[in-house]
Amino acid sequence: MVIRHLGPLSLAKVGAVIYAIFGFLFGCLFALIALGGSAADASDMGGLGALFGVGAVVAFPIFYGCLGFVALLFTAWLYNLVAGVVGGVEVDIQ
């Protein structure tokens, strides 16, 4: 079996969801670090670290999802272009 064509939009949608999940995980990690830092030095920032931490849980998945969508849309387009010239990727399925 040879994969000669990838559906760019379907690949981009699946990739966007996967990247958004990674963004959520990284946002949670960033939030924990920011909350820990704001708790240790609360007098200096006045809760601003906590705000950045909570915002990261929302912003990171959106950013990663959008970036993943665009990157994989371009990657699928490029793969289809190259596969048309060299013949695609051979896959052995049993």
**Message:** Please verify whether GLY36 is among the small types (Gly, Ala, Ser) and at pLDDT 85 or above, treating the condition exactly as stated.
**Reply:** no
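With the structure loaded, tell me whether ILE93 is among the aliphatic types (A, V, I, L, M), in contact with a strand residue (DSSP E or B) (Cβ under 7 Å, 6 or more places away or on another chain) and modelled with pLDDT under 95 or whether it fails that test.
Answer is no for this residue.
The values are calculated or read from the model by the stated rules, or taken from the named source; none is laboratory data. Worth saying up front: this structure is predicted, and the values here are computed from it rather than measured. Note: ideal-geometry Cβ built from the backbone for every residue, glycine included; neighbour counts use all protein chains shown.
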